[in-house]
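The values are calculated or read from the model by the stated rules, or taken from the named source; none is laboratory data. For clarity, every value in this text was computed on a predicted model and none was experimentally measured. No Cβ is skipped: glycine too gets one built from the backbone with ideal geometry, and neighbour counts run over all protein chains shown. Note: accessible area is taken over every heavy atom of the protein model, side chains too, but ligands, DNA and RNA are not part of it. Shrake-Rupley method; radii C 1.70, N 1.55, O 1.52, S 1.80 Å.
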Amino acid sequence: MRALGLVAALLLGASAASSAELTSRTFDLRDYPSVSDAVAACRVAGGGRVVVPKGMWRSKGPVLLASDCELHLEEGAELRFSDNPKDYLPSVRVAYEGVECLNYSPLVYAFGATNVAVTGTGTLRAEHAFWCAWNWHNGASRKALDDLVYDWSTGGRPVEARDMTKVPGCRLRPQFLHFNRCRNVRIEGVRIRDSPFWCIHTYVCDGVVVRNVDVCAHLHNSDGLDLEMTKNALVEGCTFCQGDDAICVKAGKNADGRRVGVASENIEIRNCEIKAGHALLALGSEVSAGIRNVWLHDCRMTGATSNGLLIKTNKERGGFVEDIRFERVWAACLDGAPVQIDANTYYSAPRPNCEVVRTRIRNVTAKDIVAAEAACAYSLKGDPALPVEGVTVTNVEVRRWTGGPDHAENIKGFKKD
């Protein structure tokens, strides 16, 4: 797995070279009536760099990036997005928690693009007072939404017929940045503030670099970075302050994840700081196409966080999680544990005649982890019908315990040093 760093570096080099070739064609916002006009001109020209100069700029609607296009925010620039859902129509193809559908356009969106980038030292900010007022996530409407997407995916409904914007009362908020079926994606240096939903989401992408990005969002479901069905990715030098998980690796949900069938693999995460969030690294619960070869190392959790590494799934997901390394991590304060596996209970809503497809979890290593405060060092709960195979916990230290004893059940080949 150590060769992964070299692979990611090569991907970064290719992406950077592509961007360098395009910077000779620049599209300055000051020369266009709107952000969308500048981006459209870039697309028509066959690519280039759309420059957001210093100052506050508004985008009424999404930024739609295409191949060989780079959105670049200069120092002191802020690009602010409206929170009016009507500005993000017509609907586009996205994925909601592992199920493909149509929804309001993400604020920054690319589909099927190659060599696409968002760079600079400026700020992307989402106005979100209206998104906050939407109540789709309350108990009754959230359950109805979950039941709907479950029925759509298990029943084989075509993606083109899954338009969330036409479902009465659905109110599914869009992601901030969403790259769908793209190659060579680079997000570097920018600050992301607030988000209607997940902040950065890559879906069925190959070759992703997220470097020196500063993300802060605390609205409900405000994951910092979700790498879903994504391979060959490097995440480094980033800072996250989230109201949900900081970094997630996902691979589709249930029947829909198995239909698309692209595993998330070859992912390296290094030198990141998490100031707040539920988990530093969450794998799942959408794992149906499989997750393998993920290496997180040399990261810090400096604020209140729930868990370090969290592997989560349930009996409907299927798929696999294997060859995971979690190394050289420091945590200030954890409500839970530095290392947690829950193979059977996450987001498991009983449904009549639900499909039972268990997740294979194996080869998980946690090494050289220090928590100033945590409930315990590890909590490992495998599925009794398909136990976790091969977990090694080495030099995991908790200096102040706030909970019960360490726990491991339904684990084959558990080693503790």
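Here's the yes/no breakdown for (1) hydrophobic (A, V, I, L, M, F, W, C); (2) surrounded by 18 or more Cβ atoms within 10 Å (Cβ to Cβ); (3) under 28 Å from Leu145 (Cβ atoms):
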{"residue": "Cys333", "(1), (2), (3)": "yes, no, no"}
{"residue": "Asn344", "(1), (2), (3)": "no, yes, yes"}
{"residue": "Val357", "(1), (2), (3)": "yes, no, yes"}
{"residue": "Ala366", "(1), (2), (3)": "yes, yes, no"}
{"residue": "Ala371", "(1), (2), (3)": "yes, yes, no"}
{"residue": "Pro387", "(1), (2), (3)": "no, no, no"}
{"residue": "Gly390", "(1), (2), (3)": "no, no, no"}
{"residue": "Val393", "(1), (2), (3)": "yes, yes, no"}
{"residue": "Arg399", "(1), (2), (3)": "no, no, no"}
> Name the residues in the stretch 300-320 that are among the charged types (D, E, K, R) and surrounded by fewer than 21 Cβ atoms within 10 Å (Cβ to Cβ), would you?
Replying inline: Arg300, Lys315
> Can you tell me which residue in the stretch 255-266 is most open to solvent (accessible area, probe 1.4 Å), limited to those that are closer than 22 Å to Val94 by Cα and assigned to a strand (DSSP E or B)?
Replying inline: Glu265
> Across the stretch 199-223, what is the total count of residues that are aliphatic (A, V, I, L, M) and in a strand (DSSP E or B)?
Replying inline: 6
>> Exactly one of these conditions fails for Val209: (1) hydrophobic (A, V, I, L, M, F, W, C); (2) touching a helix residue (DSSP H, G or I) at 6+ places or on another chain (Cβ under 8 Å); (3) within 30 Å of Thr154 (Cβ to Cβ). Give me its number.
In response: (3)
>> Under 9 Å between Cβ atoms, which residue pairs at least 6 apart in sequence (or on different chains) link something in the stretch 184-210 that is more than 22 Å from Gly243 (Cα to Cα) with a partner that is among the acidic types (Asp, Glu) and open to solvent by 10 Å² or more (accessible area, probe 1.4 Å)?
In response: Asn184/Asp206; Val185/Asp206; Val209/Glu188; Val209/Glu236
>> Would you confirm, using the coordinates I've provided, whether Cys170 is touching a strand residue (DSSP E or B) at 6+ places or on another chain (Cβ under 6 Å) and not basic (Lys, Arg)?
In response: no
>> If Ile274 satisfies all but one of (1) touching a residue at least 60 places away in the same chain (Cβ under 8 Å); (2) of a type in the set (Val, Ile, Thr); (3) open to solvent by less than 10 Å² (accessible area, probe 1.4 Å), what's the number of the condition it fails?
In response: (1)
>> Residues that are open to solvent by 40 Å² or more (accessible area, probe 1.4 Å) and assigned to a helix (DSSP H, G or I): does the stretch 184-198 have at least one?
In response: no
> Applying the selection to the stretch 232-254, what residues are within 30 Å of Thr154 (Cβ to Cβ) and either open to solvent by 30 Å² or more (accessible area, probe 1.4 Å) or in contact with an Asp or Glu (Cβ under 7 Å, 6 or more places away or on another chain) (or both)?
Replying inline: Asp244, Asp245, Cys248, Lys250, Ala251, Gly252, Lys253, Asn254
>> Of the conditions (1) open to solvent by 10 Å² or more (accessible area, probe 1.4 Å); (2) under 18 Å from Leu102 (Cα atoms), His201 satisfies every one except a single condition; which number is it?
In response: (1)
>> Suppose the filter is open to solvent by 30 Å² or more (accessible area, probe 1.4 Å), of a type in the set (Lys, Arg) and over 20 Å from Asp245 (Cβ atoms); does Lys381 pass it?
In response: no
>> Take the residues in the stretch 61-77 that are charged (D, E, K, R) and open to solvent by 10 Å² or more (accessible area, probe 1.4 Å); name whichever of them is farthest from Ala45 (Cα to Cα).
In response: Glu75
> Among the residues of the stretch 164-183, how many are modelled with pLDDT of 95 or more and either part of a strand (DSSP E or B) or β-branched (Val, Ile, Thr) (or both)?
Replying inline: 5
>> Can you pull out every residue in the stretch 148-164 that is crowded, with 19+ Cβ neighbours inside 10 Å, within 20 Å of Leu89 (Cα to Cα) and not basic (Lys, Arg)?
In response: Met164
> Filter the stretch 114-131 for residues that are within 29 Å of Cys170 (Cα to Cα) and within 20 Å of the chain's Cα centre (by Cα); which is surrounded by the most Cβ atoms within 10 Å (Cβ to Cβ)?
Replying inline: Leu124
>> Given the criterion modelled with pLDDT of 95 or more and more than 22 Å from Lys253 (Cα to Cα), identify the matching residue among Ala304, Ala375.
In response: Ala375
